[in-house]
Every structure is written in C-alpha cells, then in structure tokens.
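Here the structure comes first, spelled out in structure tokens, and everything after it is commentary.
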Amino acid sequence: MKGQVQGETMEQTSCGKSSASEEEFKQSSQPTSTKRIWKNLLVLASVFLVNFTSFRAIQNLQSTLNSEAGLGVVSLSCVYASMVLSCLYAPLFIHKVGSCKWTVVVCLFGHVLYTGSNFYPSWFTLIPSSILLGSISGPLWTAQITYLTSSAQEYAKVAQHGSPEGDISKFNGVFYFIFELAGLSGNLISSLVLSKGRQDIGKGEFCGAMDCGTETNWTSNHYVTNSSTSSVISNNSTGLPDDKQQVIVYTLFGVFLACNILAALIAWLCLDKDVKNLEKTSAESIQVSQLLLRTVRVFKDIDYVLLMPLLVIVGMSEAIVAGDITKSYVSCVLGVQMVGYAMLSFSLTSSVCSPVFGHLTKYMGTRTLILAAVAANTVLLIYMLLWQPDEDSLARILSVSGGWGVVRAVWHTQLYAVLGATFPSNQEAVFANTKMTQGLGNMLVFSYSSALCMDVKLYIYMAILALGTVGYGALEWKTRNKNNTEADTLDSTVDRGKGRDAAPETCDLMERETSL
C-alpha cells in the first residue's frame, strides 16, 4: 500500500514536472518565435530597401543619362507597361516557383540584369531588360505582401491576439517606413558620386517649360557609356578626361549593381521560408480566377470610374517628377549631379508629410485635404509654366520638388481612405486595380515624354487633374445624396412607427371618453 502511494506520488511528481517543462518550453519558444518573425520582417524590409536604393536612383537619372532619342524614358515606359500585365499572372508565378521567399530571390535577379544593362545602354540592351524588369515586378510585390501578411498572422497566433488586423497594419507600417528610406539613400549616393565628375552633364539651352526633349541640345551633352561619345565627353568645361568621366559613371552603376546583388544574397541567406504552405488546391485556383474577374469588373463600377482620373494622376505625378522635372528643371540648369538632391527634397517631404496628413484627416476631413492638394498642384503647374529656371534657382528647384512631395503625400494617404470607405466589401480587387491604374499613369507619361515639349506635358497633366477633380466632386455629390436619401427613408420609417404607436393610444382614449 505504501509502495502504491509512493508510486502515485512519483507519478504525480513526474507529471507535474512534465507539465511544468511543457509550459517552460512554450514560454521559451514564444519569444523565439516572435523574434524570428520580427527578424524576417526586418530582413524583408532591408532587402527591398537595399534593392530599391538602386532602382529609384536609376529611374530618376534615366531621362538625363540616356536622353538620346528618348531611350531612358522609353525604357521606363516599358517597365511600367509590362508591370501592369504582370499583375495578372503573379499568383501562378509564385505557385510555379514554390514559395514567396524564392519568388523574391528570383525576381531580384531581374533588377540585377536591369542595372547591368545600364553599363552599356542601347535599344538592344536596355529595352529587353526593362521589359523583363516589369514582367517580374508584379510577382515580386505580390510575394512581398503575401509573405508580410502571413508573418503578421503567425505573429498574432503566437502572441495570442484575437484578430490579426492590428498586427498586419503594424507590420505594414514598419515595412514601408524602412522601404521609403530607399528614396533618400539612392538619391544621396547618385549625387555624391556624380558630383566628382563633370558638372555640365544634362545641361541644355532651353530649360523649364521651354524644354522640348530631343529637339534641344541634349544629344551634345548626354552621357552614354561607349566609345562613340569620346569626342563629345572630352569637350567639357571642367577639362575632365573622357576615361575619368567613364570611371565615375561606371562607379555609380557599380555601387547600384552591388546593392542589387547584396539584396538577393540577403534574401537567399537570411530570409526564412514562408510560414504558410503555398501549394494551391483546385478550389484555391478557382478563387484566384474569381479574384481576377472581380478585379476586371471593378472597371464597370461607376464610383471607381469617377475616381480613375485622380488615380491616374497619382502615377503621372510620380513619373513627371522622376522623368521630366529632373530633366527639364534640374539637370538642364544645374547638371545631373543635382538630380539626387532635388529628389531627396521630394522624398523627404513626402515621408514627413504622410503621417501628418494621416493625423489631420480626423480634424480637417478627407474632402478638404484632397481639394487643398488639387489647389496646391494647380499652383505648382502654373508656376512651372511661367518660371524660367537658371543656375541661381537651386532654392526654388528644391522648393518645387518638395511641393510635389507634399501633394504626393496627400494622394497616398487620402485616396486610399476614399477607396476603402467607398468599397468596404471588395477591397482586394479594388486595391489591385488601383495599382494597375497608377501603373497606366506612369506608362502614359514616360511614353510621350521624349516626344512633347514640357509645357504640353504640364497642360495634359492639368487637364487630367481637372477631370479627376470633377469626377471626385461627382462621387462626393452622389455619396451625399445617397446618404441623405437613406436618412430621409429612416426618418420616415421612424415617423410611421411613431404614428402606429400613437393610434392605439388615441382609440383607447376615445373608448374611455365614450364609456364615461
């Protein structure tokens, strides 16, 4: 009997130790799991920061360094045109590769090839690499958001949070805060490197609104990294030898190429495999097909059609700053070495103003901020049409770039809020369509950039901005009338209900009076 009691006691003790060890394991494993998730988030953000440090800076320099026959802007047009189409097959691409991690790694090598083609830019090297880059952009960004969302959901599960929505928002905030630093680092690198070389690359005779693309003397000053331009480059005001100038530009693209390769290596070696199995069942394949159909059907929605011009404006504004303002107002006057500083002003004001406008929304309202952005954008356009920049215009050039950054911050913070409120039940398809519409705006500007004068481009932008303002006003009027109609219907329903409640009381009162 005593032995049995001792055995039970030992068994209870061992069970107690076992349960205690399980609890200790859970407690010890939870911080490790959350640390791993945070590590993956920071690795993913760092990969995109390092990689897009290269691409953003190259995008801003394309219209200047490869201005002959509009090669630079045509290549950017190819990037965004193929990117729009790549959004359609992105789920299939990820499924074929096998995971989001390896999709990111594979797609980053498209950036490596694109940067490498800028060492010897021509129609036979830059255009194919641009099409390839756009073709992998859709899968790259789809894999990024899928990996991030899955990580946030796993984090919410490990941390025992009720809903993952807050963690998804937190993870997106951390990612895009780090990612936006790419605009600062890339432009700073390009300006610091190019400032060591010629100070007149990209300068033209007619600048500002008078710049008419290839019709000016850009071809006598532009830089292409081959021997055919030796006689042109050697005749410069700084007396810098041709081979020295080539070394400087090669150094710049060498730094950017190293950034692309480093990003791919970080993703390959440091990013863990996806937290969710990406094997698609037939039912999931049907869901993907239905999602594509829903994305296309959004174009039939009158509310989205009314907002489309403003969404196109978002893409056009980014393309105008990266392709036209950098060429016609910055490098044309000050030289290509100042492009990075102007874009630094643009990126800095956009990054700072985005959270500010997000906070001001609850005090001023979305409508007020959007109309203020339209007014500010119109003032910028008129000023750029009338203003003739010169070599003493550095402060005004930085101010204009900063002004476009402020307008961009309003578009990004307020238009997404309008879309989320207008389409609460179909947000995935709407936001996918929004990315495609903005890509169309980018493609539109880059496609005609080398063929039109700067003033014509500004007039086209102004016309679409006016159309977008009218469309947004119509949407606001439609929404207000709908809300008023629903309110009137609710009031009349309440009144009828009150009347029905009052009728029995009146009858009871008449019966009591009759009985008396």
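Key figures
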| read-out | value |
| --- | --- |
| Of all residues in the stretch 427-479 being within 16 Å of G323 (Cβ to Cβ) and among the hydroxyl-bearing types (S, T, Y), the one that is most open to solvent (accessible area, probe 1.4 Å) | S447 |
| Tally of residues being crowded, with 19+ Cβ neighbours inside 10 Å and more than 23 Å from the chain's Cα centre (by Cα) across the stretch 113-125 | 3 |
| Odd one out for G365, checked against (1) of a type outside the set (S, T, N, Q); (2) over 17 Å from Y461 (Cα atoms); (3) in contact with a Gly (Cβ under 8 Å, 6 or more places away or on another chain) | (3) |
| Residues located in the stretch 352-400, provided they are small (G, A, S), open to solvent by less than 50 Å² (accessible area, probe 1.4 Å) and farther than 17 Å from V418 by Cα | A376, S393 |
| Meets criteria (modelled with pLDDT of 85 or more, open to solvent by 10 Å² or more (accessible area, probe 1.4 Å) and of a type in the set (A, V, I, L, M)) for I302 | yes |
| Residue within the stretch 88-102 that is at pLDDT below 90, among the basic types (K, R) and open to solvent by 10 Å² or more (accessible area, probe 1.4 Å) present | yes |
| Residue within the stretch 232-242 that is assigned to a helix (DSSP H, G or I), modelled with pLDDT under 70, over 21 Å from the mean Cα position of the chain (by Cα) and closer than 28 Å to M83 by Cβ present | no |
| Leading residue by the ranking (nearest to L271 (Cα to Cα)) among those in the stretch 98-109 that are assigned to a helix (DSSP H, G or I) and in contact (Cβ under 8 Å) with a residue 40 or more places away in the chain | K101 |
| Failed item in (1) buried (at least 18 other Cβ atoms within 10 Å of the Cβ); (2) of a type in the set (G, A, S); (3) modelled with pLDDT under 50, with A209 passing the rest | (3) |
| Test: V247 is surrounded by fewer than 20 Cβ atoms within 10 Å (Cβ to Cβ) and either at pLDDT 50 or above or not hydrophobic (A, V, I, L, M, F, W, C) (or both) | yes |
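For every residue, the table says whether it meets (1) modelled with pLDDT of 65 or more; (2) more than 27 Å from the chain's Cα centre (by Cα); (3) hydrophobic (A, V, I, L, M, F, W, C).
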site	(1), (2), (3)
Q414	yes, no, no
L419	yes, no, yes
M436	yes, no, yes
M443	yes, no, yes
I460	yes, no, yes
T479	yes, yes, no
N483	yes, yes, no
L490	no, yes, yes
R496	no, yes, no
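The values are calculated or read from the model by the stated rules, or taken from the named source; none is laboratory data. These figures come from a predicted structure and were not determined experimentally. Note: ideal-geometry Cβ built from the backbone for every residue, glycine included; neighbour counts use all protein chains shown. The accessibility values were calculated without ligands, DNA or RNA, using every heavy atom of the protein model including side chains. Shrake-Rupley method; radii C 1.70, N 1.55, O 1.52, S 1.80 Å.
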